[in-house]
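Notes to accompany the following structure.
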Protein chains: 2
Amino acid sequence: MPAVSLNLTTDVVELTRALCDIESVSGNENAIANSIETALRAYPHLDVTRDADAIVARTSLGRGTRVLIAGHIDTVPVADNLPTRLETIDGVQHLWGRGTVDMKAGVAVQLKLAAELTEPNVDVTWIFYDHEEVDATLNGMGRLSRNRPDLLEGDFAVLCEPTSAGIEGGCNGTMRIEISTKGVKAHSARAWMGVNAIHAVEEILARLNRYSLQEVEVDGLVYKESLNAVLISGGIATNVIPDSAKVTVNYRFAPSKSIADAEAHLREVFEGFQVKVTDASAGARPGLDQPAAAAFIAATGLVARPKYGWTDVARFSALGVPAINFGPGDPNKAHADDESCPVDQIYSCEAALRKWLTA
Amino acid sequence: MPAVSLNLTTDVVELTRALCDIESVSGNENAIANSIETALRAYPHLDVTRDADAIVARTSLGRGTRVLIAGHIDTVPVADNLPTRLETIDGVQHLWGRGTVDMKAGVAVQLKLAAELTEPNVDVTWIFYDHEEVDATLNGMGRLSRNRPDLLEGDFAVLCEPTSAGIEGGCNGTMRIEISTKGVKAHSARAWMGVNAIHAVEEILARLNRYSLQEVEVDGLVYKESLNAVLISGGIATNVIPDSAKVTVNYRFAPSKSIADAEAHLREVFEGFQVKVTDASAGARPGLDQPAAAAFIAATGLVARPKYGWTDVARFSALGVPAINFGPGDPNKAHADDESCPVDQIYSCEAALRKWLTA
């Protein structure tokens, strides 16, 4: 199938529609990657590199500063919400359909500016990557950082994930632990022969309920932390005293803490219990003290807020590149069957990035 | 297939083996029921009635007292533990294999005495029934009580379930409830937008841990009660604040309490929570104040203990017939892959019942 031809300089909402209407559920990004690669290669001011279904397009103007502007091209599965359509919701015009929020509107802004800004005031590396919506081991940006770390060098990064067109700096880290209790099985008719592992969970929940949440200031933004049981299970049958129970706890911690800090803290909170770390990702500092970030905030006139959800900005952070999230669409509509993005946010993101890169 | 021929007057351990070696997992009792029916019909002192795969054999000597002696003929699934074999375990001779404890040794004692005691000192109704090990709605004794309640009339009943050849009177009742908590779902990155339903379980577990267990005397036996969480579940995914959690609690209550008493008590204990009764069976009073029971205890010289597990004695109790459990085998070995019954207990149960019925 020949690649769908994309006109990168058309209206950015039209470009968003064209991108959304190329179905690209994770694992099926080849067609859209082909279209993007072909379209970008038409612009001589860009050096285009392809790695599997990720495409990197760079200016090489010899500027003193290089910024990375990134977005993923895959979506979660379609839920009878393609092709896109324009719709007025509560008096506001929206582009409705899978990918409009997460995150092809952001990708459209990237592509239009990549094509049109032949001489930005900083060097720009435009990154379009695959496999963001699936297991982290498949993540296209992770693969790029292993295969071509040179392409991810820069002073500051913008990830065009949806933020309702506001600036959201960095992100909290996240850690999941399993806390287990043990008991002794017995028939529940002779309960005193056993030891009830579910009853032992009381103390775990008591510590969670007593826990004082912290707010931590990092680079001028205040991050709210949280500590919550997310899963609980235990028991064998309705006539057996249970010999094991398990609580899965999710800790969201400020980006000033390392994974080791977070683990040490949880082991202290749940001292006396068996704790197993099952999953951990460090947060990302917002890096608002970087000159490129300050310029971005000044150019857009927006006020930065902290980002709570973990995003790929943490991958930039791990590479030593401070990063913010900035993109059209309400993140609460991401993955929703009624995913839809206010078109004015697409235009305002385009205008803000253009202003910053041409100021 | 012609029925396997049973010699009811052979050695009771040999008869137990013959019964065990006719595989009769619940739902597959037809062959063993045919063998039992054919064998019993050879004895003119017995009136034999069949209802599906249950068989009732009665003497009609015009005695002033009628006792019911019952046992089920089905087993739980075979676990590579048939055919039976004789084995010496810790210096004690055992009959090993599925059904030896639960409860074909008891059935063998019944059959041998049914055949041999042509003139017992009370009228005896010997009951052999199907589908005890499965859903209560299928229980053969329950079906008999609906189809032929006249056959279950009597003054006292002995259920030959395993009691290590001791007398266990009555049984505790059992009730299961589900206690639910509700919350408000939210992404765990923005936990403060939600309300955690798992955290709300703390108070349920606290009440269970604080609960004072009662010992209740009924007809001279002391019943220990218990209240335990047996299952717990909650949560949706490791990145979602859970909006619901559920604790299943099993209450074992003394036979002096009705189901309504038990429910009212639990609703008081868990006041403020949503409580749903999912399952309830009343207990059975031991009825040791009945003359036939007193005669049984006097004849055997045994000391009665309370039974904790729920058994079909409660069905007799519901019909107004006090009942005890008395049979060979350790109940802890019932359903075990290494199910095995000390042969001396089979002989001692035979001797005790014989002495009682001929004293």
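Take the stretch A:175-186 and flag every residue that is closer than 20 Å to A:PRO255 by Cα and open to solvent by 10 Å² or more (accessible area, probe 1.4 Å).
Of everything in the stretch A:175-186, just one residue is closer than 20 Å to A:PRO255 by Cα and open to solvent by 10 Å² or more (accessible area, probe 1.4 Å), namely A:ARG176.
Which residues, taken from the stretch A:236-250, are at pLDDT 95 or above and in contact with a Ser or Thr (Cβ under 7 Å, 6 or more places away or on another chain)?
The answer is A:SER244, A:ALA245, A:LYS246, A:THR248, A:ASN250.
So which residues in the stretch A:115-134 are touching a Gly at 6+ places or on another chain (Cβ under 8 Å), in a strand (DSSP E or B) and aliphatic (A, V, I, L, M)?
Selection gives A:ILE127 alone.
Could you list, in sequence order, all residues of the stretch A:30-85 that are within 22 Å of A:GLU339 (Cβ to Cβ) and open to solvent by 70 Å² or more (accessible area, probe 1.4 Å)?
Within the stretch A:30-85, A:PRO77, A:ASP80, A:PRO83, A:ARG85 meet the criteria.
Is it the case that A:ASP279 is under 24 Å from B:PRO242 (Cα atoms), among the acidic types (Asp, Glu) and either surrounded by fewer than 19 Cβ atoms within 10 Å (Cβ to Cβ) or modelled with pLDDT of 95 or more (or both)?
yes
Just one of A:ASP261, A:ASP243 is among the acidic types (Asp, Glu) and under 30 Å from B:ASP135 (Cβ atoms); which is it?
Going through A:ASP261, A:ASP243 in turn, just one is among the acidic types (Asp, Glu) and under 30 Å from B:ASP135 (Cβ atoms): A:ASP243.
In this structure, is B:VAL134 under 23 Å from B:GLU339 (Cα atoms), surrounded by fewer than 24 Cβ atoms within 10 Å (Cβ to Cβ) and in contact with a Ser or Thr (Cβ under 6 Å, 6 or more places away or on another chain)?
Yes.
For (1) within 14 Å of another protein chain (Cβ to nearest Cβ); (2) out of contact with any Phe, Trp or Tyr (no Cβ under 8 Å at 6 or more places or on another chain); (3) over 20 Å from A:LEU117 (Cα atoms), each residue gets a yes or a no:
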site	(1), (2), (3)
A:GLY301	no, yes, yes
A:ARG305	yes, yes, yes
A:TRP310	yes, yes, yes
A:ALA318	no, yes, yes
A:ALA323	no, no, yes
A:GLY329	no, yes, yes
A:ASP338	no, no, yes
A:CYS349	no, no, no
A:LYS355	no, yes, no
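Taking the condition buried (at least 18 other Cβ atoms within 10 Å of the Cβ), in a strand (DSSP E or B) and either in contact with a Phe, Trp or Tyr (Cβ under 8 Å, 6 or more places away or on another chain) or within 11 Å of another protein chain (Cβ to nearest Cβ) (or both), does A:VAL158 pass?
So A:VAL158 passes the test.
Residues in the stretch B:49-71: is at least one in contact with a Cys (Cβ under 6 Å, 6 or more places away or on another chain), in a strand (DSSP E or B) and of a type in the set (Gly, Ala, Ser)?
Yes - at least one qualifying residue is present in the stretch B:49-71.
Quick one: which of B:PRO162, B:PRO120, B:PRO83 is under 25 Å from B:TYR43 (Cβ atoms) and not small (Gly, Ala, Ser)?
B:PRO120
Name the single residue that is surrounded by the most Cβ atoms within 10 Å (Cβ to Cβ) among those in the stretch A:191-212 being outside any helix (DSSP H, G or I) and more than 8 Å from chain B (Cβ to nearest Cβ).
Per the criteria, the residue is A:ALA197.
Please work out which one of (1) at pLDDT 95 or above; (2) of a type outside the set (A, V, I, L, M); (3) surrounded by 15 or more Cβ atoms within 10 Å (Cβ to Cβ); (4) over 25 Å from A:PHE128 (Cα atoms) is the condition A:GLU268 fails and give its number.
Single failed check for A:GLU268: (3).
On the given criteria, is B:VAL247 within 7 Å of chain A (Cβ to nearest Cβ) and aliphatic (A, V, I, L, M)?
Against the criterion (within 7 Å of chain A (Cβ to nearest Cβ) and aliphatic (A, V, I, L, M)), B:VAL247 does not qualify.
Of all the residues that make up the stretch B:20-29, how many are among the charged types (D, E, K, R) and either part of a strand (DSSP E or B) or open to solvent by 40 Å² or more (accessible area, probe 1.4 Å) (or both)?
Total meeting the criteria: 2.
Select, from A:ILE179, A:ILE167, the only residue that is under 28 Å from B:ILE241 (Cβ atoms), in contact with a Leu (Cβ under 8 Å, 6 or more places away or on another chain) and either of a type in the set (Val, Ile, Thr) or more than 11 Å from chain B (Cβ to nearest Cβ) (or both).
A:ILE167
Against the condition open to solvent by 10 Å² or more (accessible area, probe 1.4 Å), more than 14 Å from chain B (Cβ to nearest Cβ) and in contact with a Phe, Trp or Tyr (Cβ under 7 Å, 6 or more places away or on another chain), how does A:VAL216 come out, does it pass?
Considered against the rule, which asks whether it is open to solvent by 10 Å² or more (accessible area, probe 1.4 Å), more than 14 Å from chain B (Cβ to nearest Cβ) and in contact with a Phe, Trp or Tyr (Cβ under 7 Å, 6 or more places away or on another chain), A:VAL216 comes out as yes.
Hey, could you check the stretch B:313-359 for residues that are of a type in the set (Val, Ile, Thr) and open to solvent by 10 Å² or more (accessible area, probe 1.4 Å) and say which is modelled with the highest pLDDT?
Step by step, filter the stretch B:313-359, then rank; the result is B:VAL343.
Tell me, yes or no, whether the stretch A:97-112 has at least one residue that is modelled with pLDDT of 95 or more, assigned to a loop (DSSP other than H, G, I, E, B), more than 15 Å from A:ASP21 (Cβ to Cβ) and of a type outside the set (S, T, N, Q).
No: zero hits.
Could you please give the count of residues in the stretch B:222-238 that are within 7 Å of chain A (Cβ to nearest Cβ) and either open to solvent by less than 30 Å² (accessible area, probe 1.4 Å) or at positive phi (or both)?
Qualifying residue count for the region: 7.
The values are calculated or read from the model by the stated rules, or taken from the named source; none is laboratory data. Note that the structure is predicted; figures quoted are calculated from it, not measured. No Cβ is skipped: glycine too gets one built from the backbone with ideal geometry, and neighbour counts run over all protein chains shown. The accessibility values were calculated without ligands, DNA or RNA, using every heavy atom of the protein model including side chains. Shrake-Rupley method; radii C 1.70, N 1.55, O 1.52, S 1.80 Å.
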